[in-house]
Amino acid sequence: MSALGRLRTAAGTLADVDESLTFGNPTFRVNRRAFAVVDRYQARDCLWLRVAAADRERLLKRRGWFPSPYDPHRTALCCALEQFDWRRLRPLLHARYNLAVTQQLKVST
């Protein structure tokens, strides 16, 4: 299964998620807030994920993870698709989804 297919399947289990294209990249959002994108940086396909500050350094120590180049607020990381551990997709995606929902609630209040 392709990366996009795996992401669609996992995101399909989450409430109120919509998929759109942002700059030509499949983007998964909740309440208009992106939490996962299939993207391409420096000639490699990657998965962009919103991350909590507490998770950032831990993930950067893993193989394939790197800072998102278009992220001045340091709220996202990318992982090269060929190095992504797909067995961890669902729990990782659920955590990113919850982060986007929580951040949206903070902005709304």
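The values are calculated or read from the model by the stated rules, or taken from the named source; none is laboratory data. Fair warning: this is a prediction, and the values are worked out from it, not measured in the lab. Neighbour counts run over all protein chains shown; Cβ positions are idealised from the backbone, glycine included. Please note that ligands, DNA and RNA were not included when accessible areas were found on the heavy atoms of the full protein model with its side chains. Shrake-Rupley method; radii C 1.70, N 1.55, O 1.52, S 1.80 Å.
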**Prompt:** Which of the residues spanning the range 50-66 are within 24 Å of Thr102 (Cα to Cα) and surrounded by fewer than 14 Cβ atoms within 10 Å (Cβ to Cβ)?
**Reply:** Ala53, Ala54, Glu57, Arg58, Leu60
**Item:** Considering residues of the range 18-49 that are among the aliphatic types (A, V, I, L, M) and open to solvent by 60 Å² or more (accessible area, probe 1.4 Å) only, the residue nearest to the chain's Cα centre (by Cα)
**Value:** Leu21
**Message:** Can you say whether Asp85 is without any contact (Cβ under 8 Å) to a residue 60 or more places away in the chain, open to solvent by less than 60 Å² (accessible area, probe 1.4 Å), of a type in the set (Asp, Glu) and touching a strand residue (DSSP E or B) at 6+ places or on another chain (Cβ under 6 Å), as far as the supplied structure shows?
**Reply:** no
**Asked** Looking at the range 1-24, which of the residues that are in a strand (DSSP E or B) and in contact with a Phe, Trp or Tyr (Cβ under 8 Å, 6 or more places away or on another chain) is nearest to Ala100 (Cα to Cα)?
**Response** Val17
**Complete:** In the range 3-17, anything out of contact with any helix residue (DSSP H, G or I) (no Cβ under 6 Å at 6 or more places or on another chain), open to solvent by less than 70 Å² (accessible area, probe 1.4 Å) and not β-branched (Val, Ile, Thr) is listed as Leu4, Gly5, Leu7, Ala11, Gly12, Ala15
